[in-house]
Amino acid sequence: EDLAEETKNKLMIWIVALSAAGLITSFLCISLASNYLTKPLKWMNNTSNEILNQVGQNYSETENGVDCSSTPVYRCSPKTELNTLVLEFQKMISHFSGRGSAKVVGSTLIEIENKFNL
């Protein structure tokens, strides 16, 4: 009877430990997969926010503007629609900065003589 109780307690400890290890492994796999899937989208979001909010400020001729050199796609990842989307987005933003893009013109005050007598 004592041997049966001791075996039951040891089995319960093993079952709980293995269940906890399985849960932790499952959550780790889900976390890695979600990071893998959302990293390119986060990069695209951050880059588009940089284009909309920060490029026009403190612009100089020597600055290239938006940095589109770093690729958020993993090297060993399979080719998917997301990779194609990221590469096309990179091509598009490469034309927003550097040579060949429109130059930012500072605001200047232009006065025109009013020819009408009021």
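The values are calculated or read from the model by the stated rules, or taken from the named source; none is laboratory data. Since the structure is predicted, the reported quantities are computational estimates derived from the model, not experimental observations. When the accessible area is computed, the model is the full protein with side chains, heavy atoms only, and any ligands, DNA or RNA have been set aside. Shrake-Rupley method; radii C 1.70, N 1.55, O 1.52, S 1.80 Å.
Computed quantities for the displayed model
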quantity	calculated
Candidates ALA4, ALA21 - the one that is modelled with pLDDT of 80 or more and open to solvent by less than 60 Å² (accessible area, probe 1.4 Å)	ALA21
Residue check for GLU63: modelled with pLDDT under 75 and on the phi < 0 side of the Ramachandran plot	yes
